[in-house]
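So the structure is just underneath, and the comments pick up after that.
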Amino acid sequence: MDLIEIEKRLDAALSVFLENDTTLFDDNLGEPVLSHRIGFYLQNLFPNFFVDCEYDKLAGGDKERPNSVIDMRPDIIIHRRLHEPVDNLVVIEVKKGEEPESNDKEKLKIFTDTNGLYRYKYGFFVGFKLVNGKRTPVKRIYENGRVQD
């Protein structure tokens, strides 16, 4: 699946999320709640994959981590569990605001490094900005360990 198709599906899920769940922002709920709801909408759009939140597997499902690996759990992933060859399609970091924190930027670089331990094909930062009182998604795309401009 190519980036254009993935982004189209992500945009559709974000649209439904913002249509149905803006009260989560009003109630000042945490990012795990936002991630769960976005993941819920993504699942139907990626029927041949699992959409999981806070899933901490390395590429190929390897649970043996080198001592140098920090325990990182992405907010949302789209993948095939324990699939060989590795099929980690998308990793998403979600923030209520419109700017990623520096640790999210670094995590997305690590998650999308094609020679790294996770090897996600694409990474997305998804944040939300207020425009005329309405929430609007902000996205940044990561591929091959770098942010795309």
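Every number in this text was worked out from the coordinates using simple rules, so none of it is lab data. In this text the structure is predicted, and so the values were computed from the model without any measurement. Cβ placement follows ideal geometry from the backbone for every residue including glycine, while neighbour counts extend to all protein chains displayed.
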Quiz item: Is there any pair linking a residue in the stretch 132-149 that is without any contact (Cβ under 8 Å) to a residue 60 or more places away in the chain and at negative phi to one that is part of a loop (DSSP other than H, G, I, E, B) and not acidic (Asp, Glu), with Cβ under 8 Å and at least six apart or on different chains, and which?
Solution: Arg140/Pro100; Arg140/Gln148; Tyr142/Thr112; Tyr142/Gln148; Arg146/Thr112
Self-check item: Near pairs, Cβ below 7 angstrom, 6+ apart or cross-chain, from the stretch 26-50 (among the β-branched types (Val, Ile, Thr)) to any residue that is surrounded by 14 or more Cβ atoms within 10 Å (Cβ to Cβ)
Solution: Val33/Leu24; Ile38/Ala13; Ile38/Leu14; Ile38/Phe17; Ile38/Ile76; Ile38/Val94
Quiz item: Say we look at the stretch 101-138 and pick out the residues that are assigned to a strand (DSSP E or B) and hydroxyl-bearing (Ser, Thr, Tyr); which of these is nearest to Ile77 (Cα to Cα)?
Solution: Tyr122
Quiz item: Is it the case that some residue within the stretch 43-57 is touching a helix residue (DSSP H, G or I) at 6+ places or on another chain (Cβ under 7 Å), surrounded by 13 or more Cβ atoms within 10 Å (Cβ to Cβ) and in a helix (DSSP H, G or I)?
Solution: no
Quiz item: Would a scan of the stretch 93-100 turn up a residue that is outside any loop (DSSP other than H, G, I, E, B) and of a type outside the set (Phe, Trp, Tyr)?
Solution: yes
